[in-house]
Amino acid sequence: MSYGHYCQTTTYYNYAKLKMDDFRQNVFVFLTPNDGQMPQSGDFIQITYQQLCDNVIKPCLTHPSLPQESRYLLEQYLLNLGKPIRGGKVMALPNKELCERIYQTHKDILDEIFVSVKDTAPQTTSQGSKIRSFSTTLDQLVESNIIDLTDILSAKYHGLEHVATLQKRTSDGRVVISYKGNQFDSPSSAATIITNNNLNGWNFWVVKDSQGHHKGTLAALRQKLDVLQPDPEETDD
């Protein structure tokens, strides 16, 4: 038995007690997408949809004697668990392990995509450590005096050197990259215009000061910000 509303579990249990003699075994399961949501009745076992997916359905699908019709129903159920519901959330992630392996293999470029598309970065990896550098902005580097608005961005591509500058956008005051009269919110979007490929612009652009002295790639300078601003969770009170 599974019930979606935790406040109803006591009512359901009291009703089920009247019918207990009709069953050989009585197991009360509270199925929820949120592992922090507990049933009101202490007679229910809390199981998340992710646990159901990983520990029940997937092992069943590997059973050699599973009938084809049952396999189809379980596969369709898994597909439905992975579809977004209200607010864009999902009940469970059927391919969670595969996604984590892919993410760990291509973490750098995927984090860059998150920043470029949503201006945000994932806050934790599967091991729980914070990803901080990929949420860094050009504004933060300027505010921390790691780079300056007088600095020049330089990149070589197919034997040609491309030069861009930094400036504050009039509309919102954000630091942007100016290249051939166009403004770009991120290093990657500016690099894509030159290469016509999706790549990590933080590694693409080299920063030079107004005197032409090499300061390093944007990626290297971004790492300096983590040194200047350590994670507050890793510091002592």
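The values are calculated or read from the model by the stated rules, or taken from the named source; none is laboratory data. The model shown is predicted, which means the values in this text are computed figures rather than measured ones. Virtual Cβ from ideal backbone geometry, glycine too; neighbours counted across all protein chains shown. We work out accessible area using only protein heavy atoms, side chains counted, and drop any ligands, DNA or RNA first. Shrake-Rupley method; radii C 1.70, N 1.55, O 1.52, S 1.80 Å.
With respect to Thr150, determine if the residue is exposed (fewer than 14 other Cβ atoms within 10 Å of the Cβ), over 30 Å from Ile102 (Cα atoms) and modelled with pLDDT under 90.
no
Residues that are free of Cβ contacts under 8 Å to residues at least 24 places away in the same chain and of a type in the set (A, V, I, L, M, F, W, C) were ranked within the range 165-196; the one that is least open to solvent (accessible area, probe 1.4 Å) is Phe184.
Of all residues in the range 12-42, those being aliphatic (A, V, I, L, M), open to solvent by 70 Å² or more (accessible area, probe 1.4 Å) and touching a Phe, Trp or Tyr at 6+ places or on another chain (Cβ under 8 Å) number 1. Across the range 43-79, the qualifying residues are those that are surrounded by 12 or more Cβ atoms within 10 Å (Cβ to Cβ) and of a type in the set (Phe, Trp, Tyr), and the one among them that is farthest from Asn95 (Cα to Cα) is Phe44.
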